[in-house]
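The values are calculated or read from the model by the stated rules, or taken from the named source; none is laboratory data. What you see is a predicted model; the values in this text were computed from it and never measured. We place every Cβ from the backbone using ideal geometry, glycine too, and count neighbours over all the protein chains shown. Note: accessible area is taken over every heavy atom of the protein model, side chains too, but ligands, DNA and RNA are not part of it. Shrake-Rupley method; radii C 1.70, N 1.55, O 1.52, S 1.80 Å.
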Amino acid sequence: MISLKSIKGIGVCRWKKQHLQGCRFVLFADIDAAVKLLLKLKVDYKQMTGQDYKAGCPPSENSVVPDNGPTADGADDEDTVNPWSVSTTNAKGVDYDKLIVRFGSSKVDKELVDRIERVSGQKPHRFLRRGIFFSHRDMHQVLDAYEKHKSFYLYTGRGPSSEAMHVGHLIPFIFTKWLQDVFDIPLVIQLTDDEKYLWKDLTLEDCHRFAVENAKDIIACGFDINKTFIFSDLDYMGSLPEFYRNVVKIQKHVTFNQVKGIFGFTDSDCIGKISFPAIQAAPSFSNSFPQIFGGRHDIQCLIPCAIDQDPYFRMTRDVAPRIGYPKPALLHSTFFPALQGAQTKMSASDANSSIFLTDTPKQIKNKVNKHAFSGGKDTVEEHRKYGGNADVDVSFMYLTFFLEDDEKLEKIRQDYTSGALLTGELKKLLIETLQPMIAGHQERRKQVTDDTVKQFMTPRPLNFNI
Ligand code: TRP
């Protein structure tokens, strides 16, 4: 933290008459240096916090710091993680431990996983057991309150940029469904069709249509209709005054400098983008949903999301106490790797990097066999002799996401590493895991009628006892 105490040294010169003459020169030089220091500190302060320095007003929590920057050794400055791009040069993927330090969040450690198990009375989801939801903010606080019978609600979302969702998109929803079931709490899902209109070359109508289409895939994850509200920003913002009121409150408490610092916006970004973060922040506050929570503004929110969304919620957590609301808690997931390797996440805009929820069993098989990056050796002989590298093997990584059986997974890892299991055999295991999973999803999606979507997307009370 910057300290302005250093300029207090100005007072050191004693104001005794007989010293005044001799001191004069020194004093002016001191003042000059102190003023320069003060000005420099003010500039530094503004750069780091995005706010003008005001005496007696400390900056709030890492508010405007985009993140804590690369660590001192500079080793991870190749990892790019923000809402628009994710990349690293490391075949094992992003260094998530360093990301925790950079973002100032906390690790989901064994103690927390054990505690979730105790409090919920359920075996922790494999995403928790395997470090896929690896980072959090304030989870202990949420559990403390829950133990005292103070409930909370879940908030997650999706930017509907196309009709095509891939398996990576399901990760936060699969986990959110589990949280909803084990804690028996309401859930709001924001579809940011406005965001996609602002960022992509798409029409408003298309974005809205994608929102409704994506809602079907989300519903197919099995959410409880009595406890889930899904909304399109384009519909909901205009229909519920309470939501927009929160957006405006948030907008008043974040400066252009701050969003520039957090999101890297520039002077030539349209003003829609600049104010959008307030719209993603608003569902974190319970009074944005009066139909669910009455007028209550104090119900704790928990946001499961991929770590790239954290900048939005760092901003939200900074604003919350200043507008009289609780800060949302967070659970962050790692990225779902592209087929070609963990240097980037799976992206719907690159068909070869993705397994889509609409893919046929044959397409799944071909994509895995053809594109899934392998940590195996070039020849069977070498592989048998030296073994494969599961840490960079995309098929193995996908199995850690989707294969439920811990013992089976560990056996696969050992056999692959020793060379007993060949790349083709590992891929076959993945294909056999993905095919029924995706077929099941397609089956459930078919059952989702327009009427069901409408019900999920209608503002209404949910089963929830405050
Ligand atoms: N911005 C997110 C995206 O592009 C969508 C989103 C909105 C979201 N609200 C959220 C994601 C809350 C996670 C949690 O996909």
Filter the stretch 195-221 down to residues that are open to solvent by 20 Å² or more (accessible area, probe 1.4 Å) and within 19 Å of the chain's Cα centre (by Cα), then give me how many there are. 2
Would it be correct to say that Thr89 is at pLDDT below 90, part of a loop (DSSP other than H, G, I, E, B) and either open to solvent by less than 50 Å² (accessible area, probe 1.4 Å) or in contact with a strand residue (DSSP E or B) (Cβ under 7 Å, 6 or more places away or on another chain) (or both)? no
Qualifying helices (runs of 4 or more DSSP H) (wholly inside the stretch 397-466; at least 3 residues being closer than 21 Å to His383 by Cα): 406-418, 423-447
Can you name the residue in the stretch 177-194 that is part of a helix (DSSP H, G or I) and of a type in the set (Asp, Glu) and, of all such residues, is surrounded by the most Cβ atoms within 10 Å (Cβ to Cβ)? Asp193
Note on the stretch 134-191: residues of a type in the set (Val, Ile, Thr) and out of contact with any strand residue (DSSP E or B) (no Cβ under 6 Å at 6 or more places or on another chain) are Val167, Ile174, Val182
For the condition closer than 24 Å to Ile230 by Cβ and away from the ligand (no atom under 16 Å from the Cβ), what is the one hit in His149, His140, His125, His169? His125
Asp350 away from the ligand (no atom under 16 Å from the Cβ), acidic (Asp, Glu) and in contact (Cβ under 8 Å) with a residue 24 or more places away in the chain: no
Identify all residues within the stretch 438-464 that are more than 18 Å from Ile230 (Cα to Cα) and crowded, with 18+ Cβ neighbours inside 10 Å; write none if there are none. Ile438, His441
Selection from the stretch 300-317 of residues open to solvent by 10 Å² or more (accessible area, probe 1.4 Å) and over 24 Å from Gly168 (Cα atoms) yields Gln300, Arg317
Name the residue, out of Asp109, Asp95, that is surrounded by 17 or more Cβ atoms within 10 Å (Cβ to Cβ) and either farther than 24 Å from Met437 by Cα or more than 16 Å from the ligand (Cβ to nearest atom) (or both). Asp95
Looking at Gly222, Gly238, Gly294, can you tell me which residue is of a type outside the set (A, V, I, L, M), modelled with pLDDT under 95, assigned by the TED database to the domain that holds Ile174 and within 29 Å of Leu170 (Cα to Cα)? Gly238
Would you please list the contacts, defined by Cβ atoms under 8 Å and residues six or more apart or on different chains, that run from a residue in the stretch 366-384 that is among the hydroxyl-bearing types (Ser, Thr, Tyr) to a residue that is part of a loop (DSSP other than H, G, I, E, B)? Ser374/Gly388; Ser374/Asp393
Can you tell me how many residues in the stretch 195-206 are in a helix (DSSP H, G or I) and not aromatic (Phe, Trp, Tyr)? 6
The correct count of residues that are open to solvent by 40 Å² or more (accessible area, probe 1.4 Å) and within 12 Å of the ligand (Cβ to nearest atom) in the stretch 268-299 is 0
